[in-house]
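Heads up: the structure comes next, in structure tokens.
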Amino acid sequence: MSTVPTIAPLPADHMYVQGLDKTPANHVALSPISFLERAALVFPDKLAIVHGELRQTWGQTFARCRQLASALQKHGIGVGDTVAVMLPNTPPMVEAHFGVPMAGAVLNSLNTRLDANSIAFMLNHGQAKLVIVDSELAPVMRQALTILKQEHGQEPIVVEAHDEPFVAPDGISEVSYEALVAQGDADFEVKLPEDEWQSICLNYTSGTTGDPKGVVYSHRGAATNAISNILEWDMARHPVYLWTLPMFHCNGWCFPWTVAARAGINVCLRKVEAHTIFDLIRTHGVTHYCAAPIVHSLLINAPQDIKAGVPAGVKAMVAGAAPPAAMIEGMENMGFELTHVYGLTEVYGPAAVCVKHEDWDSLEISERARLNSRQGVRYHLQADVRVLDPQTMQPVPWDGQTMGEIMFRGNITMKGYLKNPHATDAAFAGGWFHSGDLAVQYPDGYVKIKDRSKDIIISGGENISSIEVEDILYRHPAVLAAAVVAMPDPKWGETPCAFIETKPDAKVTESDIVAFCKEHLANFKVPRAVIFGEVPKTSTGKIQKFELRKQAGSAKALES
């Protein structure tokens, strides 16, 4: 594997080497933990977390995170151990982003929409020693823990977080999150990692296979992207950030650490509902939020009466799909400022941004939409994003026409895939991270996606592996051949569409297939449409998915 080009180091006897060593006085590991410590030191009485009736300051948050770290260590959790959390956007989720790494452990934020089998896989693969789960999510976690014990013999410590009025009647653990925190010492000594390359988080991505891959982040990368978020948004001190984006998505695109760095307010949001979002914006003076396109569309299409009194100037960030003209116009009509970013789990969430220029403001909405739909240029602290020929690893011409693959290089790039050196080597081949997204690069250097080389369906901001869904379909006794592709959807962006070739004399309906999938998959992965017939194949028997994508698009067009 080739490496990033570097300037040759100076010889040991050079005047700029001798006596100029790294010492504790001049070299400290980069870590987002330090952002919390500074916020508590400088602004101890400023609000840090708002949730329902809760008002928690930065001083209180720092003390609670220290208690959490101390309690984890008392339970034998230390450097390199995994702590999994399955939590909505509530205060314990904010605190886990600091308390877990303070203990030296690695935070594994689990997708709250996943099924029990997927959760069990992740808990086993990541070797979670302790699990914190929200009471409302206890039923699916209970199933996952049963699978984990039966199939792998693992029994992690389980802690239950209670959030009234969502407390389940039958608990999953006798140890509550508050009881765990109370076990810790508020004067726990905070130590930064000796090496900023130390792992801070583990996030699972669907990738191109059914088995998720564990993406590992470093303290350095997390701090770097958190700072970059500030720069991309010109974020002033004390922003009021609304948690519309799930914190389990790439650790909330690193915004838990960004908000701490600016001593802002985390306005927690347990469930995405338009009227609740507008109420919180009005009540708390929300200045920033991030979301998938579906959430922005939800707000745009909400009844006018619930938008009344919403202040202008709210900054919104969108990723997952390019914002169409209708979305840009809708956001402008509400007085919101929309920023389009692009990234993947492997690059800490967004690592590229479509930087807007002042002269775009005078253009027609259709032209502004075309310019804003591009994935843009590198984040401030990302070294590079480029469209390269994946075979030659040479840059494609900046003509807006020649196709290549989007590749990243820099500190805002994962350490690699956990326990998967083959996949890591493939992802970093040629000294760049291969995104799998096919794109062009324009004369101004802006990148635009044209197609996906991965068979990934992005539905409402969630990644769905078509191979995983196909694997379930093939388990049905009536299915001879199956293929799943993305079907356009006005609400979710894309949804799974299944093409099924049945066995001779087999009798099965669309509802039968959907019901079968619901038994084995999380609901958002279940096909929204099932089309029966012969599945087109090449002469070698390979299914022609490009043909199926055309059919799925045509079927949706006819449906509408």
Long-range amide H contacts for L245: which residues qualify at under 5 Å (H placed 1.01 Å from N, peptide plane, sequence gap of 5 or more or a different chain)?
C290
For the pair D195 and V17, what calculated FRET efficiency results from E = 1/(1 + (r/R0)^6), where r is the Cβ-Cβ distance and R0 = 25 Å, to the nearest 0.05?
0.70
If packing is taken as the average count of other Cβ atoms within 10 Å, what order do 110-118, 543-551, 7-15 fall into, highest mean first?
110-118, 543-551, 7-15
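Students often check this: by mean Cβ neighbours within 10 Å, which of 93-105, 394-406, 238-250 ranks highest, and how do the rest follow? Could the numbers behind the result be given before it?
Values: 93-105: 26.6, 394-406: 15.5, 238-250: 22.7.
Descending packing order for the listed peptides: 93-105, 238-250, 394-406.
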For L344, other-chain or 5+-apart residues with amide H closer than 5 Å (H placed, Pro excluded) are G349, A351
Hand me the trypsin sites (Lys or Arg not before Pro) from the stretch 257-303 located in a DSSP loop with no more than 11 other Cβ atoms within 10 Å, in residue order please.
K271
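Can you give the accessible area per residue of the stretch 204-282, in Å², using a 1.4 Å probe? Each step should come with its number before you reach the end.
Working: 2050 Å² over 79 residues.
On a per-residue basis, 26 Å².
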Expressed to two decimals, the chain has a Cα Rg over Rh, using the Kirkwood radius, of 0.96
From DSSP H assignment alone, runs of 4+ in the chain each adding -39500 (n - 2.57), the sum over residues rounded to the nearest 500 puts [θ] at 222 nm at -9500 deg cm²/dmol
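What is the dipole size for the chain, taken about its Cα centre, with +1 at each Lys and Arg Cβ and -1 at each Asp and Glu Cβ, in debye to the nearest 20?
Details: 47 positive and 62 negative charges, 80 e Å.
The calculation lands at about 380 debye.
Using a simple charge model, +1 on the beta-carbon of Lys and Arg, -1 on the beta-carbon of Asp and Glu, nothing else, what dipole does the stretch 140-193 show about its Cα centre, in debye to the nearest 20?
Dipole about the Cα centre, nearest 20: 280 debye.
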Can you give the charge dipole size of the stretch 289-379 about its Cα centre, rounded to the nearest 20 debye, using +1 on the beta carbon of Lys and Arg and -1 on the beta carbon of Asp and Glu?
260 debye
Along the charge dipole of the chain, Cβ charges K/R +1 and D/E -1, which of C497, S459, T90 sits furthest on the positive end?
C497
How big is the gap, in Å, between the Cα center of the stretch 1-56 and the Cα center of the stretch 338-393?
27 Å
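How large is the Kirkwood hydrodynamic radius of the stretch 476-527, counting all unique pairs of alpha carbons, in Å? Could the numbers behind the result be given before it?
On the way: mean 1/r = 0.0842 Å⁻¹.
Over the stretch 476-527, the inverse of the mean reciprocal pair distance is 11.9 Å.
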Positive end of the charge dipole of the stretch 345-396 (Lys, Arg +1 and Asp, Glu -1 on Cβ, about the Cα centre): tell me which of A369, Q394, V355 has its Cα farthest that way.
Q394
Alpha-carbon gyration tensor eigenvalues x 5, square-rooted, for the stretch 43-89, Å:
25, 15, 8
What span do the alpha-carbon atoms of the stretch 394-520 cover on each of the three principal axes, reported in whole Å from largest to smallest?
56, 36, 26
At a probe size of 1.4 Å, how large is the accessible area of S373, to the nearest 10 Å²?
10 Å²
Take the Cα atoms of the stretch 194-297, find their three principal axes, and give me the spread along each one in whole Å, biggest first.
40, 35, 21
Computed ³J(HN,Hα) along the stretch 529-537: with the Karplus parameters 6.51/-1.76/1.60, θ = phi - 60°, integer Hz and x for glycine or proline, the list is 9, 10, 10, 9, x, 5, 7, x, 9
In whole percent, how big is the carbon plus sulfur part of the accessible area of the chain, probe 1.4 Å, protein atoms only?
53 percent
Interchain or sequence-distant (5+) residues whose placed amide H lies within less than 5 Å of the amide H of E196 are L30
With a ≥ b ≥ c from the Cα gyration tensor eigenvalues, square-rooted, and the rule rounded for a/c under 1.5, otherwise prolate when a/b > b/c and oblate otherwise, the stretch 75-196 is oblate
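So for the stretch 303-423, what percent of the C-alpha to C-alpha distances run longer than 22 Å?
Of all Cα-Cα distances in the stretch 303-423, 48 percent exceed 22 Å.
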Of V181, P24, I328, farthest towards positive along the dipole that unit charges on Lys, Arg, Asp, Glu beta carbons give the chain:
I328
If I take every Cα pair under 8 Å that is 6 or more residues apart in the chain, average their sequence separation and divide by the length, what percent do I get for the relative contact order?
11 percent
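The values are calculated or read from the model by the stated rules, or taken from the named source; none is laboratory data. As the structure is a computational prediction, the values presented were derived from the model and not from experiment. Reconstructed Cβ throughout: ideal geometry from the backbone, glycine too, with neighbour counts over all protein chains shown. Accessible surface areas use protein heavy atoms only, side chains included; no ligands, DNA or RNA. Shrake-Rupley method; radii C 1.70, N 1.55, O 1.52, S 1.80 Å.
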